[in-house]
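For reference, the structure discussed in these notes is given below.
Since every read-out is calculated from the coordinates, none of them should be taken as a lab result. Being a predicted model, the structure only gives us computed values, none of them experimental. Because the Cβ atoms are built from the backbone with ideal geometry, glycine has one as well, and the counts that use them run over all protein chains shown.
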Amino acid sequence: MKIFVAILILLSTVGLTLYCTSQDGRDPDGCLGCHMDAFQNIQYLHPLVRQGECTVCHIEYDIETHQDSGDVTFDVCVECHNDENLGRSHSVGPGVLDPNTGGTMTCTSSCHFPHGSDNKFHLSFRDKADLCRSCHAEF
């Protein structure tokens, strides 16, 4: 009986791990199997979300605890997005303060939603002027 329980626990652990992520980091059913409701009505969905390649950006994700460090940084974005294009419309990075968050201004701190948005370019506001005014009242 003890062997049966041990095998059952082992199989359920392996099954959960395989369900949450595949060996190549791509698994459209792992994350999206539970989280698709959050994304199904977004008009402009990030391609990696659509493809279920969540661990490309969420590199610190712990499969067993389903916890993410939450520290997706600028370095993750420049892996795919040309560094010259990031911060083109607004300075980003160390030394640039985001008045909305009090932290470092990043592409996703106030301006863009990383998973997607109903606005083009994943902007957090439909109207670009409203986006600017969210920090710059003088506009």
(request) Go through (1) out of contact with any helix residue (DSSP H, G or I) (no Cβ under 6 Å at 6 or more places or on another chain); (2) surrounded by 13 or more Cβ atoms within 10 Å (Cβ to Cβ) and name the single condition residue 125 misses. (result) (1)
(request) Report, by residue number, each residue of segment 94-116 that is assigned to a strand (DSSP E or B), surrounded by 13 or more Cβ atoms within 10 Å (Cβ to Cβ) and over 18 Å from the mean Cα position of the chain (by Cα). (result) 96
(message) Can you tell me how many residues within segment 114-139 are in contact with a Ser or Thr (Cβ under 6 Å, 6 or more places away or on another chain) and without any contact (Cβ under 8 Å) to a residue 12 or more places away in the chain?
(response) 0
